[in-house]
Amino acid sequence: MSLNYVLVVEGPAYGTQSARSAYQFAVALLAEGHRLSRVFFYQDGVHNGSALTAPASDEFDLVAAWQKLAQDHDTELQTCVAAALRRGIISPQEAEQNQLAGSNLAAGFEQAGLGGLAEAMLTADRVIQF
């Protein structure tokens, strides 16, 4: 039986294992034939959506991995807009609205409020938090 999953990621792309574990879990559940409809990045997890990460050539590029996973499996990547703004992860729309000099939200990510998470939770069979 195939289930629809939503992941909530609270750990940054680098510095803790949380986001990498979430990614590995996502890959495993997709390999088992489940669906991953949305990954919601909250608190420090919004750093997974930064276009300004530049890992060393011998390190795993977690931001790029999330982008490829989303593209290959039609998965939404959402950063909490309030948490992102506090941490300097800015979409082009938010940059314009807040009169900021630029934006740095990575391609394939979008910003959403907690309503986006609530909506996803209503339609998911399982919600897993990392």
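Exactly one condition in (1) surrounded by 12 or more Cβ atoms within 10 Å (Cβ to Cβ); (2) assigned to a helix (DSSP H, G or I); (3) at pLDDT 95 or above; (4) hydrophobic (A, V, I, L, M, F, W, C) is not met by Ala118; state its number.
Exception for Ala118: condition (1).
Report every pair of residues separated by at least 6 positions or lying on different chains whose Cβ atoms are under 9 Å apart, first residue within region 99-117 and without any contact (Cβ under 8 Å) to a residue 12 or more places away in the chain, second assigned to a helix (DSSP H, G or I) and open to solvent by less than 60 Å² (accessible area, probe 1.4 Å).
Cβ pairs passing all conditions: Leu100/Glu94; Ala101/Ala95.
Any chance region 53-72 includes a residue that's out of contact with any Leu (no Cβ under 7 Å at 6 or more places or on another chain), farther than 20 Å from Thr123 by Cβ and buried (at least 21 other Cβ atoms within 10 Å of the Cβ)? Steps first, please.
Restricting attention to region 53-72, the residues satisfying the condition of being out of contact with any Leu (no Cβ under 7 Å at 6 or more places or on another chain) are 53-65, 67-69, 71-72.
The next check asks that each one be farther than 20 Å from Thr123 by Cβ; those that pass are 53-65, 67-68, 71-72.
Keeping just the survivors that are buried (at least 21 other Cβ atoms within 10 Å of the Cβ) gives 63.
Yes; the residues of region 53-72 include at least one that is out of contact with any Leu (no Cβ under 7 Å at 6 or more places or on another chain), farther than 20 Å from Thr123 by Cβ and buried (at least 21 other Cβ atoms within 10 Å of the Cβ).
Considering each residue of region 96-126, count those that are of a type in the set (A, V, I, L, M) and closer than 21 Å to Val63 by Cα, and give that number.
Applying the first criterion (of a type in the set (A, V, I, L, M)) to region 96-126 yields 100-101, 105-107, 112, 114, 117-118, 120-122, 124.
Applying the additional criterion that residues be closer than 21 Å to Val63 by Cα yields 105-107, 112, 117.
Adding up the residues that qualify gives 5.
Restricting attention to region 30-52, does a residue exist that is under 14 Å from the mean Cα position of the chain (by Cα) and either open to solvent by 80 Å² or more (accessible area, probe 1.4 Å) or farther than 19 Å from Val6 by Cα (or both)? I'd like the intermediate steps shown before the answer.
Residues of region 30-52 that are under 14 Å from the mean Cα position of the chain (by Cα), as a first pass: 36-51.
Subset that is either open to solvent by 80 Å² or more (accessible area, probe 1.4 Å) or farther than 19 Å from Val6 by Cα (or both): 50-51.
Taking every residue of region 30-52 in turn, at least one turns out to be under 14 Å from the mean Cα position of the chain (by Cα) and either open to solvent by 80 Å² or more (accessible area, probe 1.4 Å) or farther than 19 Å from Val6 by Cα (or both).
Specify which of the listed residues (Leu7, Leu77) is touching an Asp or Glu at 6+ places or on another chain (Cβ under 9 Å), hydrophobic (A, V, I, L, M, F, W, C) and closer than 21 Å to Ala107 by Cβ. Spell out how you get there, then give the answer.
Numbers: Leu7 fails: touching an Asp or Glu at 6+ places or on another chain (Cβ under 9 Å).
When all the criteria are applied, what remains is Leu77.
Taking Ala107 and the conditions (1) among the hydrophobic types (A, V, I, L, M, F, W, C); (2) exposed (fewer than 14 other Cβ atoms within 10 Å of the Cβ); (3) over 15 Å from the mean Cα position of the chain (by Cα), which numbered condition does it fall short on, given that it satisfies the others?
(3)
Could we say that Phe60 is within 17 Å of Pro12 (Cβ to Cβ), touching a helix residue (DSSP H, G or I) at 6+ places or on another chain (Cβ under 6 Å) and aromatic (Phe, Trp, Tyr) here? Talk me through it step by step, then tell me what you get.
On the way: within 17 Å of Pro12 (Cβ to Cβ): yes; touching a helix residue (DSSP H, G or I) at 6+ places or on another chain (Cβ under 6 Å): no; aromatic (Phe, Trp, Tyr): yes.
So Phe60 does not fit the description; no.
The values are calculated or read from the model by the stated rules, or taken from the named source; none is laboratory data. What you see is a predicted model, and the numbers here were worked out from it, not measured in a lab. We place every Cβ from the backbone using ideal geometry, glycine too, and count neighbours over all the protein chains shown. These accessible areas exclude ligands, DNA and RNA; they are computed on the full protein's heavy atoms, side chains included. Shrake-Rupley method; radii C 1.70, N 1.55, O 1.52, S 1.80 Å.
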